[in-house]
Amino acid sequence: WPLLWRTKPRQFWYLYPTATVASVEFEEKWKPEFLPQGKFKDDPVYGWKEEWKNKEIFAIHFNSQVSIYFKSYSQDVQHLQTGTCAAIFCDEELPEELFGELQFRLAATDGYFSMVFTATLGQNFWREAMEEVGNSTERFKNAFKRQISMYDCITYHDGTPSPWTRARIAEVIAMCKSQSDILKRVFGRFVVSEG
């Protein structure tokens, strides 16, 4: 971490579309699949405790003194103010109007912004970031960006096969309702809404 930040990180934010989605993801994915378990749950560095408020996940506090706070896109933008974050992670497409406020949560730490999403909201702001690479209209020219299709996921980096096979991708294509849906969901492209 000293290579990534000038000072020790203390606060990360993880954003989901709603607090309900964050709570379900925490219970069904984070807790059983990613967070340290068994003797490591109480480890002096990797150990953690969850914090709930109003029956929704609020934070994970690690024994390393780092906390991940769960936020949502459905929050009023004023509730996304005043935090000083070392990193902000967005799960799915962030509404453009929230980005400016989040960007300034990272200013004091020279922190990192990361978003993984399928372009379903049709926002030109993010289209210019991802589809205009090399053009004068490109946003975030120095950012690390990847536009991934399901076909890019057939093998892992080390060459071993993943669960995504050509046959499985063909099944997904068959489930899509239109060519636009295929471009978005299979090829990771931005498409113009019709009608």
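The values are calculated or read from the model by the stated rules, or taken from the named source; none is laboratory data. Since the model is a prediction, treat every value here as computed from it, not as a measurement. With ideal geometry, Cβ positions are generated from the backbone for all residues, glycine too; neighbour counts draw on all protein chains shown. Note: areas computed on protein heavy atoms with side chains; ligands, DNA, RNA excluded. Shrake-Rupley method; radii C 1.70, N 1.55, O 1.52, S 1.80 Å.
Quick notes on this structure:
- Summed over segment 150-172, the residues that are more than 17 Å from PHE187 (Cα to Cα) and either among the acidic types (Asp, Glu) or touching a Lys or Arg at 6+ places or on another chain (Cβ under 6 Å) (or both) give a count of 1.
- In this entry, PRO32 is excluded by the filter for residues that are surrounded by fewer than 13 Cβ atoms within 10 Å (Cβ to Cβ) and under 25 Å from LYS145 (Cα atoms).
- Assessment of segment 22-39 against the conditions (touching a Ser or Thr at 6+ places or on another chain (Cβ under 9 Å) and assigned to a helix (DSSP H, G or I)) yields at least one matching residue.
- Residue match in segment 95-107 (condition: under 19 Å from GLN75 (Cα atoms), out of contact with any Phe, Trp or Tyr (no Cβ under 9 Å at 6 or more places or on another chain) and either at pLDDT 95 or above or open to solvent by 70 Å² or more (accessible area, probe 1.4 Å) (or both)): yes
- Tally of residues being open to solvent by less than 40 Å² (accessible area, probe 1.4 Å) and either among the polar types (S, T, N, Q) or not in a loop (DSSP other than H, G, I, E, B) (or both) across segment 123-133: 6
- Annotation: of all residues in segment 150-195 being of a type in the set (Ser, Thr, Tyr) and closer than 15 Å to THR120 by Cα, the one that is most open to solvent (accessible area, probe 1.4 Å) is SER193.
- Candidate set: segment 76-86, residues that are out of contact with any Ser or Thr (no Cβ under 9 Å at 6 or more places or on another chain) and assigned to a loop (DSSP other than H, G, I, E, B); chosen: the one least open to solvent (accessible area, probe 1.4 Å): GLY83
- The listed residue being of a type in the set (Phe, Trp, Tyr), at pLDDT 95 or above and under 23 Å from PHE190 (Cβ atoms), out of PHE70, PHE113, PHE58: PHE113
This table checks each residue for (1) assigned to a loop (DSSP other than H, G, I, E, B); (2) touching a residue at least 24 places away in the same chain (Cβ under 8 Å).
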residue	(1), (2)
ILE88	no, yes
LEU121	yes, yes
ASN135	yes, no
HIS157	yes, no
PRO163	yes, no
ALA167	no, no
VAL192	yes, yes
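- Matching residues in segment 1-21 - criterion: being open to solvent by less than 80 Å² (accessible area, probe 1.4 Å) and not in a loop (DSSP other than H, G, I, E, B): GLN11, PHE12, TRP13, TYR14, LEU15, TYR16, ALA19, VAL21
- A search for C-beta distances below 6 Å between a residue of segment 68-82 that is within 13 Å of THR18 (Cβ to Cβ) and any residue that is of a type in the set (Phe, Trp, Tyr) and at pLDDT 90 or above, counting only pairs 6+ apart in sequence or on different chains, returns PHE70/TYR14; LYS71/TRP13; SER72/TYR16.
- Scan of segment 40-59 for residues that are within 19 Å of the chain's Cα centre (by Cα) and in a helix (DSSP H, G or I), ordered by number: none
- Residue satisfying all of: in segment 57-72; in contact with a Pro (Cβ under 7 Å, 6 or more places away or on another chain) and not β-branched (Val, Ile, Thr); nearest to LYS8 (Cα to Cα) among these: ASN63
- Pick from segment 53-68, criterion touching a Ser or Thr at 6+ places or on another chain (Cβ under 6 Å) and open to solvent by 40 Å² or more (accessible area, probe 1.4 Å), ranking: farthest from VAL24 (Cα to Cα): HIS61
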